[in-house]
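Scroll down for the structure; my scribbles are underneath it.
The values are calculated or read from the model by the stated rules, or taken from the named source; none is laboratory data. Note that the structure is a prediction, hence the values are computed from the model and not measured. Virtual Cβ from ideal backbone geometry, glycine too; neighbours counted across all protein chains shown.
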């Protein structure tokens, strides 16, 4: 977790530069505090990428060369709160501003990384190497507890320029008791006792011995525990092999009615159970030892050699003894053989009756039946069949009457005729529709060609009308030019008449002027 700057340096007490700008440490160097007149910072991607890399930081100094540190909308004498969407971009954010931007859910991950690359990662989260700076973020209703988020399994506290809170030490885990090897030695001892023919102690004997001596559990370190568990796992693997061998031997004894398979090889016995090895049959002592219960895995080596057991009660109850008498296995095997023999006999009788029934049915309907798929060539020619018993009992004859075949053939012929007639009708309908399609296509082509001709005529008429319009405009301009001198002459004559009227009026010859005007108009 990156360490924040000390509260005694300039990060906690902002300084004022030569231009009266407040500067605060961003964790690496002093930066000017952002104000409203600064706006967004420089967004040159090459400079930003160079500053984010390790080599770029070494070349450019410490961080971006021109970005400011945003600590709220601060003016020289005011502090105006703002919404996260109005925060400046391409600046450094202090802890409080970064918390507000992240929890506002206004920007997605790519926008957070693009606008504030020194405060957010590509996933839109706080990077673990982000430095603390500026204002802290307190929990609701508290002025001492900081807010935090989980980063790589550790708490990232938003304490700003204040010192990081001291995390409480977690209590050490209590070491587990040392696992004793009595349980493993128990299994090994039981298997050795069976192999060597020694006595195998039971769970009751272990309990009596444990009442006399019960050791206290010991505690070891984690390193010793790992070594012991690795050794115990190896012992368990060998023990499991011995147990599986013993179980297989106990199961194989069911096929030997006289002796156990541990004393005689099973391959020397025939299917009828007669001993062909040339050795005498098992004695009474061997029969008694074979009927002895299988040794429990919970018996220990100390019991076998006569020493008192040192197992605890928990170790005795964890391992369950495996006991199965040979007489029970033999009885179960005998019952299974009898059940199998009865089922086999019932199946043989059922197949035999089915074969007799099918043979009688073939003899009765031989004159009116078609050859069955299951009947051989010898049956059709009257010779006795030589097919195996399995084929005679498994295949069932399939007989069909001639009348039924004829009726079915007639129905199939009628269906075929109706299908052919339907096919002819569909073909005629398809030909008719094809002709209609061709006629419609030819009509569409004719309409298209006539449309093209009409378009050509319209374009020609449009060109002619456009020429007439242009000629009329030219004539209009020429008329305007020819009327200009007439307009000038008319205006001069009007001015002359007005001036003469004024002169006659001033000289007192108004009546003479009116007489002149009437005579001029009458003419």
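Residue count for the stretch 151-165, restricted to those that are in contact with a strand residue (DSSP E or B) (Cβ under 7 Å, 6 or more places away or on another chain) and modelled with pLDDT of 90 or more: 5. Being modelled with pLDDT under 85, more than 14 Å from residue 71 (Cα to Cα) and in the same structural domain as residue 87 (by TED's automatic domain parsing): is that true of residue 20 here? Yes; evaluated as a whole, the condition is true for this residue. Per the conditions (1) in a helix (DSSP H, G or I); (2) modelled with pLDDT under 90, the sole criterion not satisfied by residue 469 is (2). Candidates 168, 136, 199, 117: the one that is part of a loop (DSSP other than H, G, I, E, B), modelled with pLDDT of 60 or more and more than 30 Å from residue 53 (Cβ to Cβ) is 168.
Residues are listed down the side, and each one gets a yes or a no for (1) in contact with a strand residue (DSSP E or B) (Cβ under 7 Å, 6 or more places away or on another chain); (2) modelled with pLDDT of 80 or more; (3) exposed (fewer than 10 other Cβ atoms within 10 Å of the Cβ):
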position: 334; (1), (2), (3): no, yes, no
position: 362; (1), (2), (3): no, no, no
position: 370; (1), (2), (3): no, no, no
position: 384; (1), (2), (3): no, no, yes
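For (1) touching a helix residue (DSSP H, G or I) at 6+ places or on another chain (Cβ under 7 Å); (2) free of Cβ contacts under 8 Å to residues at least 24 places away in the same chain, each residue gets a yes or a no:
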| position | (1), (2) |
| --- | --- |
| 84 | yes, yes |
| 89 | yes, no |
| 105 | no, yes |
| 108 | no, yes |
| 130 | no, no |
| 140 | no, yes |
| 144 | no, yes |
| 150 | no, yes |
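Among the criteria (1) under 21 Å from residue 131 (Cα atoms); (2) touching a strand residue (DSSP E or B) at 6+ places or on another chain (Cβ under 8 Å); (3) modelled with pLDDT under 85, the one residue 73 does not fulfil is (1).
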